[in-house]
Amino acid sequence: MVIYRFSLKKFFLLLWICCLTFFAAQKKFTVVLDAGHGGSDFGANRHYEETGRLNEKDVTLAIVLKLGRMLEKNKDFKIIYTRKIDEYPSLIDRTNLANRSKADLFISVHCNANTRSAPYGTETFVQGPDQNKTNLEVAKAENDVIFLDEKDKEMFASYDPRSPESLIALKIQQSKYLESSLLFGSFVEGNFEKKDKRFSRGVKQQNLHVLRLNAMPSVLIETGFISNYDDAMYLASERGQNEIASSIYDAILSYKKAVDRNKQAPEPVKQEEKPLKNDFRILLFSSPVKFNNGDPALKGLSDILVIKENGFYKYYYGLTNFASVRDGNLRSAKDAGFQNSTSISFVPDQKLNAAFYTIEVAVTEQKLSSNSPLLGTLKDVEREKVNGKFYYTYGKFSSLEEALKEQKAIEGKGIKNTVVQKTIK
Ligand SMILES: [Zn+2]
């Protein structure tokens with residue numbers, strides 16, 4: 001018989017989970033802000049009467065600095081910039097910085113360009129091989145546009161985005177962060193579309209050098225087309241840059257909320273079930289016939305307690321003080337075919353006043369001889385003759401628990417298939 005009770009072990013497990021949640025909440029959320037291009041790498045650029053030469057590297061830095069100021073006001077965040085001035089950190093330097101700082105999110109800000117002036121709008125890229133062939137072509141073109149210094153060339157020399165090996169390695173490395181990157185990307189594009197009324201070209205997967213070796217969720221945001229007049233004016237304006245920064249900021253907040261939710265509840269933390277005051281057993285059936293353990297009448301159920309009362313044997317199944325286990329036991333009993341079974345509560349260690357428990361140790365047609373093994377083993381066995389049968393009982397106990405304890409003890413002496421009997425005084 002197994003009794004389920006509240007354990008100390010479970011308590012400490014719960015305490016530990018609480019501590020983890022607490023410390024997780026204390027740790028700052030680290031965001032790497034990467035202003036695309038810089039220094040001698042101007043990125044995409046066009047000349048407009050209103051702005052002069054409009055360079056991608058200047059727009060990306062302006063947006064990143066605005067976004068950084070918003071984040072720095074929020075004490076939940078730690079901000080790391082790949083550059084804060086007009087300089088060119090190599091792509092590997094950017095990646096190394098992000099990986100070393102064990103960042104939670106990497107955001108690379110860029111501006112798009114096309115040979116035609118018509119295309120406009122925003123798009124966000126996450127790292128990952130795309131089955132779409134045209135996207136791969138776009139990726140290759142985008143990567144070619146990005147200036148690679150000597151260190152980068154060395155690093156990426158062995159990497160051919162079209163080789164199956166590279167694609168497989170990429171899939172394994174990036175699949176870990178793909179889902180999170182896609183989630184963040186969808187927040188960014190959603191804000192551009194709904195808050196800023198921009199045209200969103202969506203969230204896409206591409207093989208991009210700047211994201212490829214990052215060990216964290218990472219996105220590259222194309223904030224608009226420098227090659228499109230309206231987009232270019234928007235990108236060059238204070239208002240446009242503020243809106244873009246603010247939309248990315250809100251996306252970071254939404255993303256962090258989602259991450260925290262997942263951290264706090266890996267699965268819904270189950271309310272610790274409190275034990276009930278009483279013990280519960282499932283009454284399967286009553287019968288004037290005595291069935292021993294393993295009898296087909298018990299339909300394969302073990303953990304059976306038989307209590308005899310008023311000449312009837314009552315067959316009880318299971319023992320627990322937890323409601324959930326009790327309900328489970330009742331279902332098991334019904335599944336086994338005891339359709340009329342019902343759960344019965346027992347007050348633990350209840351002492352009887354008007355009755356007592358004894359143990360029925362044998363029922364025989366013939367009177368046992370005084371040198372029988374049973375009577376040789378147990379002293380003070382009582383005999384009663386009812387309807388031509390001899391009933392032998394042993395001991396007198398005021399509680400069920402005491403009777404069960406003694407029943408176990410005599411079983412150890414080889415006296416099996418006994419029944420606890422409740423007798424009115
Ligand atoms: Zn760029």
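What follows draws every value from the coordinates through simple rules; no lab data is involved. Quick caveat: nothing in here was measured; it's all calculated off a predicted structure. Every residue, glycine among them, receives a Cβ derived from its backbone with ideal geometry; neighbour counts consider all protein chains shown.
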By count of other Cβ within 10 Å, fewest leading, how are Leu91, Leu208 ordered?
Leu208, Leu91
In nm, spacing of pseudo-spin labels at Ile85 and Ala323 (7 Å Cα→C-beta vector)
6.8
In order through the range 228-237: 3J(HN,Hα) via Karplus (6.51 cos²θ - 1.76 cosθ + 1.60), integer Hz, x for Gly, Pro:
9, 4, 4, 4, 4, 5, 5, 5, 7, 8
Links that overshoot a 19 Å alpha carbon limit, given the list Lys28/Lys256; Lys73/Lys257; Lys314/Lys422; Lys385/Lys416; Lys314/Lys413; Lys78/Lys195
Lys385/Lys416; Lys314/Lys413; Lys78/Lys195
Tabulate in residue order the Karplus-calculated ³J(HN,Hα) for the range 246-257, using 6.51 cos²θ - 1.76 cosθ + 1.60 with θ = phi - 60°, rounded to whole Hz; enter x for Gly and Pro.
5, 5, 5, 4, 4, 5, 5, 4, 4, 5, 4, 4
With 18 Å as the limit, write out which pairs from Lys75/Lys197; Lys308/Lys334; Lys27/Lys75; Lys57/Lys84 have Cα-Cα distances beyond it, or answer none.
Lys75/Lys197; Lys308/Lys334
Taking His47, His209 and counting other C-beta atoms within 10 Å, the order from fewest to most
His47, His209
Proxy exposure order for Val219, Val289, Val361, Val420 (fewest C-beta within 10 Å first) is Val289, Val420, Val361, Val219
For the range 318-414, which GluC sites (Glu not before Pro) are both in a DSSP coil and crowded by at most 12 other Cβ atoms within 10 Å?
Glu365
Cα→Cβ-extended label distance, 7 Å offset, between Thr423 and Ala118, nm
10.4
Over 22 Å, how big is the tail of the calculated P(r) for the range 279-424, in percent of all Cα pairs?
43
